[in-house]
1. Looking at region 85-95, which of the residues that are in a strand (DSSP E or B), over 11 Å from VAL121 (Cα atoms) and among the β-branched types (Val, Ile, Thr) is least open to solvent (accessible area, probe 1.4 Å)?
2. Kindly check whether there is at least one residue in region 111-120 that is surrounded by 11 or more Cβ atoms within 10 Å (Cβ to Cβ) and polar (S, T, N, Q).
3. When you go through GLY30, GLY61 one by one, which is the residue that is in contact (Cβ under 8 Å) with a residue 40 or more places away in the chain and surrounded by fewer than 16 Cβ atoms within 10 Å (Cβ to Cβ)?
4. Report, by residue number, each residue of region 54-84 that is of a type in the set (A, V, I, L, M), over 18 Å from LYS122 (Cβ atoms) and outside any strand (DSSP E or B).
5. For ILE51, indicate whether it is surrounded by 11 or more Cβ atoms within 10 Å (Cβ to Cβ) and closer than 30 Å to VAL121 by Cβ.
6. Please find, among ARG71, ARG82, the residue that is touching a Ser or Thr at 6+ places or on another chain (Cβ under 6 Å), touching a residue at least 24 places away in the same chain (Cβ under 8 Å), surrounded by 13 or more Cβ atoms within 10 Å (Cβ to Cβ) and of a type outside the set (A, V, I, L, M, F, W, C).
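The values are calculated or read from the model by the stated rules, or taken from the named source; none is laboratory data. Keep in mind that this is a model prediction, so the values were computed, not measured. Note that we place each Cβ from the backbone using ideal geometry, even for glycine, and neighbour counts take in every protein chain shown. Ligands, DNA and RNA are stripped out before the accessible areas are found, and what is left, the full protein with its side chains, is counted by its heavy atoms. Shrake-Rupley method; radii C 1.70, N 1.55, O 1.52, S 1.80 Å.
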Amino acid sequence: MIPDEIDRVLLRELQRDGRASYTALAEATGLSAPAVRQRVQRLRDEGVVQIVGVTDPMALGLPVMALIGVRVDSDVHEVADRISELSGVIYVVLTAGSFDLFAEVVCREPAELLAVLNDHVKRVPGVTRAEAFTYFGIHTHRFAWPGV
């Protein structure tokens with residue numbers, strides 16, 4: 001599904017404020033609120049957009065964050081599935097380059113990060129190397145994508 005211009009307006013508005021009412025979205029698009037509701041539901045059903053609450057890990061008592069680069073010598077999908085199940089892992093992406101995948105981890109304290117890395121990630125069958133890139137802070141975090 002390729003979004004048309006009205007879909008793009010809806011997506012821009014939802015990126016700006018995911019709690020926007022159907023009435024407000026209708027005003028932005030020129031459609032009726034029921035028509036907007038249908039379009040937003042279609043975008044959700046087709047996996048184009050998810051409407052979620054975004055949290056700040058630090059405000060939730062999870063001040064230790066890291067990106068873990070993982071090298072794999074077997075099926076990267078199977079390794080990604082296993083790592084995705086680990087406590088503290090909030091996303092996993094398959095990559096190209098010197099690492100086969102990246103996992104983002106949030107933890108309460110450095111010892112917890114060490115446990116995730118050493119006791120769990122490195123012990124997943126197929127993992128040949130795992131390297132943690134600890135965050136000192138989040139500089140930029142965008143939810144509005146260009147071209148939408």
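1. VAL92
2. Within region 111-120, one or more residues are surrounded by 11 or more Cβ atoms within 10 Å (Cβ to Cβ) and polar (S, T, N, Q).
3. After ruling out the rest, the residue left standing is GLY61.
4. Matches in region 54-84: VAL54, MET58, ALA59, LEU60, LEU62.
5. Working: surrounded by 11 or more Cβ atoms within 10 Å (Cβ to Cβ): yes; closer than 30 Å to VAL121 by Cβ: no.
No.
6. ARG71
Each row is one residue, and each column tells you yes or no for (1) among the polar types (S, T, N, Q); (2) within 17 Å of the chain's Cα centre (by Cα).
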residue	(1), (2)
LEU10	no, no
TYR22	no, no
THR29	yes, no
GLY53	no, yes
